[in-house]
1. Compute the length gained on full extension between A:Gln193 and A:Arg105: take 0.36 nm times their separation in residues and subtract their Cα-Cα distance, giving the result in nm to one decimal.
2. Past 32 Å, Cα to Cα, is the threshold; run A:Lys160/B:Lys164; A:Lys160/B:Lys7; A:Lys13/B:Lys266 against it and keep the listed order.
3. Given +1 on the Cβ of Lys and Arg, -1 on the Cβ of Asp and Glu, and no further charges, what dipole in debye does the protein assembly as shown carry about its Cα centre, rounded to the nearest 20?
4. Is the shape of chain A rounded, prolate or oblate, going by the alpha carbon gyration tensor and its root eigenvalues a ≥ b ≥ c, with a/c under 1.5 for rounded and a/b larger than b/c for prolate?
5. Run the dipole for the range B:1-97 about the Cα centre, Lys and Arg Cβ at +1, Asp and Glu Cβ at -1, nothing else charged, and hand back the magnitude in debye, nearest 20.
6. Can you show me the helix-derived [θ] at 222 nm for chain A, built from DSSP H runs with n ≥ 4 at -39,500 (n - 2.57) apiece and divided by the number of residues, rounded to the nearest 500.
7. Between B:Ala5 and A:Ala121, what is the spin-label point distance in nm, taking each point 7 Å from the Cα along the Cα→C-beta axis?
8. Starting from the Cα of A:Arg23, step 7 Å along the direction of its Cβ; do the same at B:Gln14; then give the gap between the two resulting points in nm.
Amino acid sequence: MSIAAPAPRHWKKPPLIKRAWLRWAFGLGAALYLALAFGTTEVNWSRVWEGLPRGAQFVSAFFPPDFVKRWDEIVEGISESLWMTVVSTVVGIALSIPVGVGAARNIAPVPVYYFCRAILAVSRSFQEVILAIFFVKLFGFGPFAGAVTLSLATIGFYGKLLAEDIEDMDAAQAEAVRATGASWLQWINFGVQPQVMPRMIGLGLYRLDINFRESAVVGIVGGGGIGATLDTAFERYEFDSAAAILLVIIVIVMLAEYSSGYLRRGLQ
Amino acid sequence: MMTVAVKGGTKIWQRRDRNAQLAIWASWLVAIVLFVYCFQLISEKTIWAFVWDAPAQAGDLAARMIPPDWGYIRQLGRPIWDTMNIATLGTVVAIFLAVPVAYCAARNTTPSVTLVRPVALFIIVASRSINSLIWALMLVTIVGPGVLAGIIAIGLRSIGFCAKLLYEAIEEIDEAQVEAVRSTGATGAQVTVFGIVPQVLPAFAGISVFRWDINIRESTVLGLVGAGGIGLELNAAITQLYWTQVSLILLVIIATVIVSEWVSAKVRHAII
């Protein structure tokens, strides 16, 4: 009697997508898409080749960047961006509180709920830049148009998160405040607000950060701020000044990120 | 402890004690002063006549935009396809570059905490703090206008986002599983493949789809600086004052964004 050789045992990692046909369909679809995408993408390689020295020039402009030549413009652009950031964050959050409260299903009546959700959906579906184009047309060039754009974008972001946070709150606490005979405003102020406040302060700081970053972009289409300065620097091929502006933006964003992280830890 | 004020012999409940109340008042004061000051500066740079005129202008613009020029939709197929390619290929590029950056940035996998990690973190911050439109602005002057500039711009912008979320996922993995793989005598590469990758793979897929969704949104505007896609058509229509075409393009953009959001939500729901 012979002993059957033990079946060779191989262990394989379990795949991410368990159903085999789905896995294959997914892989095939991806391959097909990539082939199509690469096949139809037109790239002017000779232009790319021509541009490479310019790219090298741009990279070398970072060593060292020229802060001096356009310093006045940089300071003006950055301070405009900072004003826009502050004003739009404050206005945006102030406006998003009623919208956010109205968009929370557990405390708003149904018609108000749908109305506020519609406001949020509309203000979220457009890019800041597209909004900025229209506001620049309406309000004229300058930081006002940019500030309006960023305020509107803030409503979409902050209102949605506020509404979701209110929907996730502990209903028992709100109920307890209501049981004392509190009026609607007192109920919101003592039952709802303390529950969402810590997270909302953190998100406010985060939005401040985002608004600064976005303020660099609305300037490109005429909304004021550092974006306009940056656009001019690129149009004049002054890569050393552009490098300086980019570094200033990066440093401010880093500072904002660290200080807001620090503040948030302190608050929670 | 409950804070209580005594007024005429009766105790009255108060939310905060006096110092806390004063601190809150002071911070409100500072915030309001800062806000008013900033608003003042902006208002100096604003021509208010234009602002008061804006509602009339908006009405005028809206009248010109309606109805959308539906026939124009036949010319929008190609730009939308380009926009989708920019977003998708850009995301693919970003994912490939973000993986090594995240690996170097995570405290538990980085080769060196003092040398490599700060560099990786700087790459992440630099990529995150510069918007894709600014990357596109740069790249259009370097590689020329077109889809390629858009793809690279989206890719560069997304590295930071993907790498940040991915390295946070790597830092949160269960060390016991890694330890178990290591104790079988696995090499460093095997520990990564069998101990770490399976733990972060679902998070990784979720991050990629989430970023793809954001990138669809962002790539719709890259054309404004010449980086291809539907933004080019939008820019052309706006400069030529074809407002009926502008409104159609905006509708197409909304539809694309809604569809991509739906797809991304479905996929993430299936993964997590």
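1. That works out to 30.1 nm of additional length.
2. On the way: A:Lys160/B:Lys164 23 Å; A:Lys160/B:Lys7 42 Å; A:Lys13/B:Lys266 25 Å.
Pairs exceeding the cut-off: A:Lys160/B:Lys7.
3. Values: 41 positive and 37 negative charges, 295 e Å.
For this selection, approximately 1420 debye.
4. Details: a/c = 2.00, a/b = 1.02, b/c = 1.96.
Since a/c reaches 1.5 but b/c is at least a/b, the shape of chain A is classed as oblate.
5. Details: 9 positive and 6 negative charges, 138 e Å.
Dipole magnitude for the range B:1-97 comes out near 660 debye.
6. -25500 deg cm²/dmol
7. Each label point lies 7 Å from its Cα, and together they span 4.7 nm.
8. Using points 7 Å along Cα→Cβ, the separation is 6.7 nm.
None of the figures in this text is laboratory data; all of them are computed from the coordinates on show. This is a predicted model, so every value here is computed, not measured. Ideal geometry is used to build each Cβ from the backbone, glycine not excepted, and the neighbour counts take in all protein chains shown.
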